[in-house]
Amino acid sequence: MSDTGGEVQTHTVRLELVDEPGELLRALEPISEAGGNLLSIYHERGNLTPRGHIPVEVDISCAPTRFETIVESLREAGVNVVQAGSERYDEELVVILVGHLVDTDLSDTLKQIESCADASLTDLSLSAPRGRDETSSARLRLKTRSGTNGDALAKLQEIAADKELQVIQPLTEASQ
Amino acid sequence: MSGARLCVLGAGAVGRSVVELAEEYGHTVTAVADSSSAVVDPDGVDAEAVLQRKSDEGVVGEADPDDAVGGAYDVLVEATPTTLGDAEPGFSHVKQGLERDKHVVLANKGPVAERYGELRELEADSEGKIRFEATVGGAIPILSTIEDFGPTHITAARGVLNGTANFILSRMAAEGLDYEHVLAEAQDLGVAEADPTFDVEGIDAALKFVILSNVLADGDQEFTLEDAVVDGITDIPGTALDLAAEDGRTIRLIGESTPEGVSVGPRLVPADGPLSVTGTLNIVQLETTHAGRLNISGRGAGGPETATAVLSDVSRLVD
Ligand SMILES: NC(=O)c1ccc[n+]([C@@H]2O[C@H](COP(=O)([O-])OP(=O)(O)OC[C@H]3O[C@@H](n4cnc5c(N)ncnc54)[C@H](OP(=O)(O)O)[C@@H]3O)[C@@H](O)[C@H]2O)c1
């Protein structure tokens, strides 16, 4: 915890820079001025956007409120910020689904989770019983964007409820 | 005042233990009632004889239960069955005690979980006070710890507060047995009741976490069972526990209380973490504002265990 607006997290900003000397430096200035800690810069030279700009991905670590300030000051400095947020899939979420997993189309369930809950499945273990009528269990390991485990869980609950599946979830992040 | 005169309502596992242990704590039982009978003696009832009569004849004496509530005592001990909704007969017992300016100690969760605001109003108009340590986690001093810290210094409480559900889940995990099998075993051992609904559907745990939320909210908000999101353990297959174990985890029926809300349900917890207690043990974690996390565990149920909490409350009221 820090007293500067929440826990320090990694944030990714995607910038589009005009191909001119000094552009990158100009873009990075507001970040350090606002107290963001630069972790990495991915400068895709030669890979131009449809509008002829150079896409740059910058990873910054700072508290969420400070991050908002950074994005604001970037925009004020005239830098084109195309995507900003805690965009990294760097948090893990493990849940167990219980119910008629196979009958309710497991692959569809997983697809829904990946798209609606905005999580990517990294590992699946299925334990199906012998009889068809019994319930089976699946353990899902998901990567989620940092700070979004709560939202992802809520979506997951919705998707599961539609198929009458039970979600055994971990305790909320704050309590682990 | 040192010793208190007690009126004990309810002569089940808890009430009987209170009657049996009161003297050891320096208190005198002047009345005992069950559902159909009572014994009243301003000089103190003969505890042994009363307990003997209860087990031989099913009654505690010749008097009417109303005579007990109206008799001479300092503290009324409410140990009748926990009921939902109107929380009767417990609520009326507490009301009568407070209206007579007596202190009341509850083991009965019903009134504290379902009609907390009304209880506090009755208390405000009375010379008497209420305490209810025994309603949450039996012998474990959870409420008195919260009281010591002050509710505003505790941001959340979570943990395992139902020994029956915990016994079932930990046996399922350890032995690879299914729910029905372990439930039957628990019933044979007397760990689960013939009708285990309250325990396995999470209702008993939810009542306790509702009480915790009421205490943590400290009058800002009132909770009842209806406000709690409750899931039980009856649908958990052995395969789910196997999958959890493969990943270094296990499943426990965990409740969470914050000043904003209450939930109870099966949750994944680290297999070697503090929340994965085994058998009928209970544990509560308190999240404090300045002192990190407190873990308190122990026996959450049983006659003598619960009576211990009741009698500690009595001593706090009169010492
Ligand atoms: N057992 C535990 O470990 C534990 C732990 C914490 C809290 N509690 C709570 O403590 C309370 C008592 O538990 P317990 O296990 O002792 O229950 P119990 O064994 O079912 O005993 C309940 C007692 O209440 C009596 N009763 C019922 N209606 C009454 C009335 N109108 N007036 C006077 N007495 C009445 C019953 O009388 P008869 O004998 O005539 O039927 C019985 O003696 C419950 O609310 C329970 O939830 C229990």
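Computed from the coordinates by the stated procedures, all read-outs in this text should not be read as laboratory data. Source: prediction; values computed, not measured. All Cβ positions, even for glycine, are placed from backbone atoms using ideal geometry, and neighbour counts span all protein chains on display.
Could you work out the equivalent-ellipsoid semi-axes for region A:90-170, taking the square root of 5 times each eigenvalue of the Cα gyration tensor, largest first, in whole Å?
Sorted largest first and rounded, they come to 22, 12, 10 Å.
Regarding region B:1-123, what are the three Cα extents along the principal axes, ordered largest first, in Å?
Its Cα atoms span 38, 33, 23 Å along the three principal axes.
What percent do you get for the relative contact order of region A:9-87 when only Cα pairs under 8 Å and 6+ apart count?
Here the relative contact order equals 49 percent.
Report, in deg cm²/dmol and to the nearest 500, the calculated mean residue ellipticity at 222 nm for chain B, where each DSSP H run with n ≥ 4 adds -39500 (n - 2.57) and the sum is divided by the residue count.
That comes out to -11500 deg cm²/dmol.
Name the shape class, rounded, prolate or oblate, that the alpha-carbon gyration tensor gives for region A:9-87, where a ≥ b ≥ c are the square roots of its eigenvalues, rounded holds for a/c under 1.5, and otherwise prolate holds if a/b is larger than b/c and oblate otherwise.
prolate
For the protein assembly as shown, what is the convex hull volume of its Cα atoms per residue in Å³?
Given the Cα convex hull of the protein assembly as shown, per-residue volume reads 170 Å³.
Pairs of alpha-carbon atoms within less than 8 angstrom and 6+ residues apart define the contacts here; what relative contact order does region A:90-170 have, in percent?
Answer for region A:90-170 is 47 percent.
May I ask which of B:95/B:129; B:109/B:129; B:54/B:208; A:111/A:155; B:54/B:95 have a Cα-Cα span longer than 21 Å here?
Over 21 Å apart, Cα to Cα: B:54/B:208; B:54/B:95.
Taking the Cα-to-Cβ direction at residue B:52 and at residue B:66 and moving 7 Å from each Cα, how far apart do the two end points lie in nm?
3.2 nm
Mind checking which aspartates and glutamates have their Cα closer than 16 Å to the Cα of residue B:102? Skip sequence neighbours fewer than 8 apart in that chain.
By straight Cα distance, residue B:102 reaches B:66, B:67, B:74, B:78, B:121, B:123, B:125, B:127, B:313, B:319.
In whole percent, what relative contact order does chain B give with Cα contacts below 8 Å and a gap of six or more residues?
The normalised contact order for chain B reaches 20 percent.
Note down the net charge around residue B:8, summing +1 for each Lys or Arg and -1 for each Asp or Glu among other residues with Cβ under 10 Å from its Cβ.
Combined, the nearby Lys, Arg, Asp and Glu give -1.
On the first, second and third principal axes, largest extent first, how far apart are the outermost C-alpha atoms of region B:61-132 in Å?
34, 26, 16
Percentage of Cα-Cα pair distances in region B:144-299 greater than 19 Å, rounded to whole percent?
Roughly 52 percent, once rounded to a whole number.
Taking only Cα atoms, what is the 0 to 90° angle, nearest 10, from helix B:90-99's long axis to the longest principal axis of chain B?
With both axes taken from Cα atoms, the answer is about 40 degrees.
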